[in-house]
Structure formats: C-alpha cells, structure tokens
Amino acid sequence: MRKAGIDFGLTHVKAHWIEPTGQRRYLSTMDGFDRRSLSNELWHRFRIDALSAAGNGPTDGFERFAHHRPEGDPLSLEISTQAAGAARLLEEAGVAVAGKHLIVAVGTGTSYALQDGGACLPLLGSAVGAGTVDGLLASMGMPSGPGIDEALDAEAAPPHFDLMLAEAVPSLKGTPYEAFVASHFAKAARDAPADQAACDLRFAASAVNLLLVDVARSLLLFGNDPLCSGATDVVVLGTMPTRSRVVRRFLEQYLRMIGKNPIFPPHAEYALAVGAYHASDLLP
Ligand SMILES: Nc1ncnc2c1ncn2[C@@H]1O[C@H](COP(=O)(O)OP(=O)(O)OP(=O)(O)O)[C@@H](O)[C@H]1O
Ligand SMILES: [Mg+2]
C-alpha cells in the first residue's frame, strides 16, 4: 500500500506524499488536473492506493482508493490537521515561529485558529472567503482564481469602489485611519466610470478588499480574547493568498497595519494535505 495525504476542499482537491527517495510531492486540481485526472495520476503514475483523507468537500472520483480518516468533529479536525501541516511546512522551510500564534486559512470560507505550544484552538470562522471573491467576480462575468492577478497586478494601488474613511471624514487625512475602509463598494453607486473595463477593475479590487479587511478585522477582534492576546505572528494558509501575488501583497499591508506579523509558509495551499499525510499511521 502506498499512501498520499489528501485534502478534499470545497473547491479544490490537493494531495501530498513523500517518495521513497525522500522527494516531497504536491499535486492538485489547481495545476491543470480535474478531479478524474488527478485521481488517475495518483493511481496509475504514482501507484498510490490509500488516502489519508481530510477536508469536508466532495470525494467523488476517488472511490477506488482505500480512504482512512480519523473520527471526530469534522470542522475541528480540519482546522487542527491543517495547523499540524502548517507547523511541518514551517519546520521544513526552517522558519521558526516561537510561541503563541494565529493561523488564518483563506479557503472557500475562512477559518481561524490559535496555536499555542502544540495545542490548536479553533476560533470563529467567517463566511467571507476566496469563494466569496470568486462568486462576486463570476456574477459580474469576470475571471477569478488566477485571473485576479491579471486584472490587478498592473498597478501598485489599483483603483477600487471602496469609500475610504479619510474621504468620508476629511479631517482624518494624514492619520493612521486614512487607510481604513468606511464602506465597501459604496462608490460604485456614486461615481462608477462609464467604461466597463475600468468598472471591472475597480470591482475586482473591492472584492479582494472586502475579503482582506474581513480577515484583518477578525484578527483584531480575536485580540479581545485573553487567550489570543499577545499573538502577533499570523500564519497565512489557503490557495488564494499563496498563489496570488496581489492578494498576498495587500494582505501583508493590512496585517502590518494592524500590528501583526504575517508569515506565508511555502506550499501553504497544501497545509491540510501535509497534515493528513503525517496524521495517518498508514505505511508511506
Ligand atoms: N492562482 C490563484 N490566484 C488566486 N486565487 C486562486 C488561485 N488559484 C485558486 N484560487 C482561489 O482559491 C480558492 C480556493 O481556496 P482553497 O483551495 O484554499 O479552498 P478549498 O480548500 O478548496 O476550500 P475549503 O478550505 O473552504 O474547503 C478558490 O476561490 C480559487 O478561485
Ligand atoms: Mg481548504
């Protein structure tokens, strides 16, 4: 039996395993495979027949494998397995994250956890996630996923539709509040450009802002919980902040603005698959 760790996400399926030679492998539906071809690739090319499974998305297309999955609350299991995978990715990359830190996983929705000396405490998640950005863009007929960078990467500060606090309250200009959003998308109703391409660009930037401001706000609110106080390091997981330069750049700015230290582990989109691979006592 040859195993892979597999993350059945709500949007993507990701697999991780270590070859007998020690080579680490990462393969997913984000890299040109649909579910069926990913399944074929694992089975035929890599001779994998057992899956140490995690994640709460659909498993169709992977019926031929032996599935192993620990029992327990599905959401807590996902979050703690993901945290364990993130710790491994950090260790493998030689990045030391000492002590208490927060973990944010921007998946289809967004999950949060507090990691403290090996213990993982799931925190309240948010329904605003990468799936929200995708959904907003799709409802406007715009490309999402990798398309986000093509739309937004041309400019250092792409125009958007958000009403900024310093625009709403001009006396706040020049203060730290200048960079805060007073109301997402509000300017679309006030001064939308006639040109559709310019409108699309602003819409995309606001959709990304909506997500990242929600992340920053959630992290700030967790600071009110005595358990989380003093946690300034934030480990960021999920496909969107890992693969999109723009999202990463903006998120980094937002987190620094609220006094947090963002950490982006390499292969962070595979954290749950890595956690699942090592969680199982199946033979490699
Ligand atoms: N290159 C990319 N740039 C930006 N976003 C991307 C890119 N590739 C994928 N995404 C987005 O990432 C999102 C999926 O995130 P992720 O893979 O972390 O979620 P998931 O694990 O499938 O879902 P969940 O964790 O909620 O079960 C999708 O919304 C997708 O559009
Ligand atoms: Mg996920």
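Quick look at the numbers
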quantity: Residue check, ARG2 without any contact (Cβ under 8 Å) to a residue 24 or more places away in the chain and under 16 Å from ALA276 (Cβ atoms); calculated: no
quantity: Selected residue (only one of ALA231, ALA279, ALA271, ALA207 is within 15 Å of ligand 1 (Cβ to nearest atom) and over 12 Å from VAL106 (Cα atoms)); calculated: ALA207
quantity: Near pairs, Cβ below 8 angstrom, 6+ apart or cross-chain, from the stretch 6-18 (under 15 Å from HIS67 (Cβ atoms)) to any residue that is aromatic (Phe, Trp, Tyr) and within 12 Å of ligand 1 (Cβ to nearest atom); calculated: ASP7/TYR270
quantity: Within the stretch 234-268, tally of residues that are part of a helix (DSSP H, G or I), more than 13 Å from ligand 1 (Cβ to nearest atom) and not charged (D, E, K, R); calculated: 4
quantity: Selection from the stretch 196-207 of residues that are touching a residue at least 60 places away in the same chain (Cβ under 8 Å) and closer than 11 Å to PRO158 by Cα; calculated: PHE203, ALA204
quantity: Those residues of the stretch 247-284 which are of a type in the set (D, E, K, R), within 17 Å of the chain's Cα centre (by Cα) and within 22 Å of PRO158 (Cα to Cα), in sequence order; calculated: ARG248, ARG249, GLU252
quantity: Subset of the stretch 47-64 [away from ligand 1 (no atom under 14 Å from the Cβ), surrounded by 18 or more Cβ atoms within 10 Å (Cβ to Cβ) and either of a type in the set (Asp, Glu) or within 23 Å of GLY238 (Cα to Cα) (or both)]; calculated: LEU51, SER52, PHE62
quantity: Checking LEU251 against (1) modelled with pLDDT under 95; (2) in contact with a helix residue (DSSP H, G or I) (Cβ under 8 Å, 6 or more places away or on another chain); (3) away from ligand 2 (no atom under 16 Å from the Cβ), the condition it does not meet; calculated: (1)
quantity: Matching residues, the stretch 233-243, being touching a residue at least 40 places away in the same chain (Cβ under 8 Å) and surrounded by fewer than 21 Cβ atoms within 10 Å (Cβ to Cβ); calculated: ASP233, ARG243
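The values are calculated or read from the model by the stated rules, or taken from the named source; none is laboratory data. Just so it is clear, the structure is predicted and the values come from calculations on it, not from any experiment. Because the Cβ atoms are built from the backbone with ideal geometry, glycine has one as well, and the counts that use them run over all protein chains shown.
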